Amino acid sequence: VQYRVGGPDIQTVRELAQQFAGVISANPKLAAPTFDWNEPQRVLRVDVLQDKARQLGITSSDIASALNSTVGGATITQVRDATYLINVVARSRGAERGSIETLQNMQLPTSTGEAIPLAAVANFRYDLEQPTVWRRDRIPTITVRAGLVGDVLPATVVNELKPSVDAFTAKLPPGYSIATAGSVEESAKSQGPIAAVVPLMLFVMATILMVQLQSFQRLFLVVAVAPLGLIGVVAALVPSGAPLGFVAILGVLALIGILIRNSVILIVQIEDLVREGKDRWAAVIEATEHRMRPIALTAAAASLALIPIAREVFWGPMAYAMMGGIIAGTAITLLFLPALYVTWFRIKEPKAQEEPPVESGEPVQAQT
């Protein structure tokens, strides 16, 4: 699980990130939070006294060059080793580079040719500085990371943390923000390309169904069953606690195809019986009874096949979504679709024909 804490001031961002780490660490499903920024390091700052330096003809560049030569070293000559030239760098000894007194007493030439100590034109002080500062959109940003404990999905933990994260975000100063990062953010981004091709997918699907059904009314009946499969998806995801993420959405798309296939099979069976001369009411009943066992067995086989991956962290949401949708969608197809067909086409149950009355009378005996 990852969150980004950003704002204009580096120190404030670090303090807010530490406070936010305490908020998310309260969740037992997360390990100890970490940061992508390192700990602050002690640095030596040199504050140039500009007025005195200008009077002596010394610039900030002269001071920076002198310090760089002393601490980092300066190239004084080169030696040739076979083909290559190797720089010879001269710098102060380690003890001298780490001594603030040595740096303060370092001699600087002035414009008059005299030499003065560096302490005469600069003040030295120790300070803490952030060695690494990551920025996002040019704003200092710390990424707070926490590992997962147990077989849980990042999206599940993010949903559990949402109330506390929203409460913490509401108290942030102006200009500071907290955003979800990591796999949860990437999953949300990956849903965009899927949504972009959904219209094309629906158009191709409707075209193929229209070729098979050859009727807008029958097309509507088939498509009307597919959204009702979401009842089973919700009924399966809520008790299991699985999120409706990227993988679950893929399962829902596959589920729509399964439900539409079953609906097409049932509608085509009804129409075939009607063309054979059967009454529409009898055709609906016979087609439903005839297709009930194959559709139910197919749904049971598909649901049982998903059980092995239902406990997987990554594939679990897709398995739960498809199992719940297939079970509920199959029942809806076998019960709701015939009723919708009868209602849409206004099919009436034929009245039972009355049997003709049987005449009663005494048997005639033959005379001998």
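The values are calculated or read from the model by the stated rules, or taken from the named source; none is laboratory data. A quick note: this is a predicted structure, and the numbers were derived from the prediction, not measured. Don't worry about glycine lacking a Cβ; one is built from the backbone with ideal geometry, like all the others, and counts go over all protein chains shown.
Odds and ends about this structure:
- Residues of segment 308-337 classified as surrounded by 24 or more Cβ atoms within 10 Å (Cβ to Cβ), of a type in the set (Val, Ile, Thr) and more than 19 Å from Ser263 (Cβ to Cβ), total: 0
- Considering residues of segment 136-166 that are without any contact (Cβ under 8 Å) to a residue 24 or more places away in the chain and basic (Lys, Arg) only, the residue surrounded by the most Cβ atoms within 10 Å (Cβ to Cβ): Lys162
- Residue count, segment 258-286 (criterion: without any contact (Cβ under 8 Å) to a residue 40 or more places away in the chain and more than 30 Å from Lys351 (Cα to Cα)): 1
- Within segment 19-32, the residues that satisfy the criterion of being modelled with pLDDT of 90 or more and in contact with a strand residue (DSSP E or B) (Cβ under 8 Å, 6 or more places away or on another chain) are Phe20, Ala21, Ile24.
Let's see how each residue does on (1) surrounded by 12 or more Cβ atoms within 10 Å (Cβ to Cβ); (2) outside the structural domain of Thr141 (by TED's automatic domain parsing); (3) in contact (Cβ under 8 Å) with a residue 12 or more places away in the chain:
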{"residue": "Ala21", "(1), (2), (3)": "yes, no, yes"}
{"residue": "Phe35", "(1), (2), (3)": "yes, no, yes"}
{"residue": "Thr59", "(1), (2), (3)": "yes, yes, no"}
{"residue": "Leu67", "(1), (2), (3)": "yes, yes, yes"}
{"residue": "Thr77", "(1), (2), (3)": "no, yes, no"}
{"residue": "Ala90", "(1), (2), (3)": "no, yes, yes"}
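- Residue match in segment 205-223 (condition: assigned to a helix (DSSP H, G or I), in contact with a Lys or Arg (Cβ under 9 Å, 6 or more places away or on another chain), assigned by TED's automatic domain parsing to the domain that holds Glu271 and surrounded by 16 or more Cβ atoms within 10 Å (Cβ to Cβ)): yes
- Val157 meets the stated requirement of being outside the structural domain of Ser99 (by TED's automatic domain parsing) and in contact with a strand residue (DSSP E or B) (Cβ under 8 Å, 6 or more places away or on another chain).
- In segment 253-267, the residues that are crowded, with 20+ Cβ neighbours inside 10 Å and either out of contact with any Gly (no Cβ under 8 Å at 6 or more places or on another chain) or polar (S, T, N, Q) (or both): Ile260, Asn262, Ser263, Leu266, Ile267
Matching residues to (1) farther than 30 Å from Ser164 by Cα; (2) of a type in the set (Asp, Glu):
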site: Thr12; (1), (2): no, no
site: Ile24; (1), (2): no, no
site: Asn27; (1), (2): no, no
site: Glu39; (1), (2): no, yes
site: Leu49; (1), (2): yes, no
site: Leu56; (1), (2): yes, no
site: Thr59; (1), (2): yes, no
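- Comparison of Ile260, Ile285, Ile270 shows that the only residue that is in a helix (DSSP H, G or I) and in contact with a Leu (Cβ under 9 Å, 6 or more places away or on another chain) is Ile260.
- Listed by position, the helices (runs of 4 or more DSSP H) contained in segment 4-77 that have at least 1 residues being under 30 Å from Arg145 (Cα atoms) and small (Gly, Ala, Ser) are 10-24.
- Residue-level check: of (1) under 26 Å from Glu289 (Cα atoms); (2) buried (at least 17 other Cβ atoms within 10 Å of the Cβ), Ala248 misses just (1).
- Looking across Val133, Val152, one residue alone is in a loop (DSSP other than H, G, I, E, B) and touching a helix residue (DSSP H, G or I) at 6+ places or on another chain (Cβ under 7 Å). It is Val133.
- Exactly one residue among Ala235, Ala179 is assigned to a helix (DSSP H, G or I), under 23 Å from the mean Cα position of the chain (by Cα) and surrounded by 13 or more Cβ atoms within 10 Å (Cβ to Cβ), and that residue is Ala235.
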